[in-house]
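A short write-up of the structure that comes next.
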Amino acid sequence: MRCPPIHIAIIFINLVFNSDLAKDRANTLEHGVRQARTQLAELTRTASDYSDMIKRKDADVARLNAELETSKAERSRLSKEILEHRAQIEALTAEIISQTDNEARHASVQEKLQDELDKLRSLMEAKTSEETSAGDHGTQTQRLEQEL
């Protein structure tokens, strides 16, 4: 059984047409595959970039946490030091107040002693003056007696 030539021509045209369609389809698929590979490469680079950024951010977080801990320790140490200095200030303030009070008492006692010393000098001068005067009277009396 032989096929009429028209059928062969139709089959041939269909084969050529289907072959062209297949080639176009293959080209479209290849183009799609290339685009997918390009997109996959870009996504891989992007993922790698993001992974690197995450690693850097993790390192930054670790560094900042370490700095935070260091700062907390420093703050704690300085707070203790401040408390120690405050205690020293309070002790020195109390000592200064005590010394000021002692100096005020000393000055008051010294003033009282000076007043008493001045009174005693006045009394001694008065007594010396009386004795001198009495001595002068005694000498005058003796002279008068001798003259008589």
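None of the figures in this text is laboratory data; all of them are computed from the coordinates on show. In this text the structure is predicted, and so the values were computed from the model without any measurement. Every residue, glycine among them, receives a Cβ derived from its backbone with ideal geometry; neighbour counts consider all protein chains shown.
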With Ala73 itself left out, Lys, Arg at +1 and Asp, Glu at -1 over residues whose Cβ is under 12 Å from its Cβ give +1
Note, segment 53-62: 3J(HN,Hα) by Karplus (6.51, -1.76, 1.60, θ = phi - 60°), whole Hz, Gly/Pro = x, goes 5, 5, 4, 5, 5, 4, 5, 4, 4, 4
Listed by chain and number, the lysines with an alpha carbon less than 30 angstrom from that of Lys127, same-chain partners under 8 positions apart left out, are Lys112, Lys119
So Arg45 and Met124, fully extended at 0.36 nm per residue minus their Cα-Cα distance, gain in nm 17.0 nm
